[in-house]
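In what follows, a structure is listed as structure tokens, so that the remarks can point back to it.
The values are calculated or read from the model by the stated rules, or taken from the named source; none is laboratory data. Since this is a predicted model, take the numbers as computed values, not measurements. Using ideal geometry, Cβ is built from the backbone for each residue, glycine included, and neighbour counts are taken over all protein chains shown.
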Amino acid sequence: MLPNFIDKNERFLRLCCKVARFFGLLLIAFVALNLISMPLLGTNFLQFIQFAPTAILRFVFPAFLLLGIEQLIKCLIVSDFKPNWILRFGDKIIYIYASFLLINFVYSFMYTHKIIYSSGYDIYFVLKTLIPSAIFTFIKILIWIGIGLVLKRILPIIQESKTLI
């Protein structure tokens with residue numbers, strides 16, 4: 001069933017592969033240009049340090065995800081394709097991303113709690129604003145961990161099915 005789907009949609013899958021690679025490399029180029037241009041434009045060190053984690057969470061990991069999707073599609077289309085490091089270590093990249101999401105949430109919680117506590121708001125306001133954010137963050141982390149587990153288990157299955165064909 002899967003070979004029939006791949007044969008019927010090979011042109012579309014190749015297009016998806018090229019689009020994923022283009023946008024993945026575009027995101028990496030965007031971050032690199034920003035990181036290079038910040039010192040040249042007179043950005044101080046504190047602003048540079050604040051931008052780096054945001055750039056990693058919002059741009060670099062999604063770029064690696066897009067490049068991993070591109071490699072996964074190539075793995076399905078090309079019969080003698082050998083997975084590169086992004087695909088081989090994709091589950092670990094996803095786990096690192098999930099841990100960075102958790103660290104970012106804890107850091108923002110501490111920072112927000114410090115501001116709210118110093119401004120005199122009560123605990124109800126803290127619970128009202130932070131509990132939905134915590135639930136959303138932990139759901140996102142669990143989804144990413146699930147994607148990592150699926151990727152870890154599906155890659156050997158794809159490789160094994162290619163040896164049988």
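Checking Leu67 against (1) modelled with pLDDT of 80 or more; (2) over 18 Å from Ile147 (Cβ atoms), which single condition isn't satisfied? So the condition that Leu67 fails would be (2). Being crowded, with 16+ Cβ neighbours inside 10 Å, assigned by TED's automatic domain parsing to the domain that holds Gly148, in contact with a helix residue (DSSP H, G or I) (Cβ under 6 Å, 6 or more places away or on another chain) and among the β-branched types (Val, Ile, Thr) is a description that does not apply to Ile69.
Against the numbered list (1) surrounded by 10 or more Cβ atoms within 10 Å (Cβ to Cβ); (2) out of contact with any helix residue (DSSP H, G or I) (no Cβ under 6 Å at 6 or more places or on another chain); (3) farther than 18 Å from Ile69 by Cβ; (4) not β-branched (Val, Ile, Thr), Gly42 comes up short only at (1).
Every residue, every condition in (1) of a type in the set (A, V, I, L, M, F, W, C); (2) at pLDDT 80 or above, yes or no:
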position	(1), (2)
Val78	yes, yes
Tyr97	no, yes
Tyr117	no, no
Ala134	yes, yes
Trp144	yes, yes
Ser161	no, no
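Residues in the stretch 142-161 that are among the charged types (D, E, K, R) and surrounded by 14 or more Cβ atoms within 10 Å (Cβ to Cβ): Lys152 alone.
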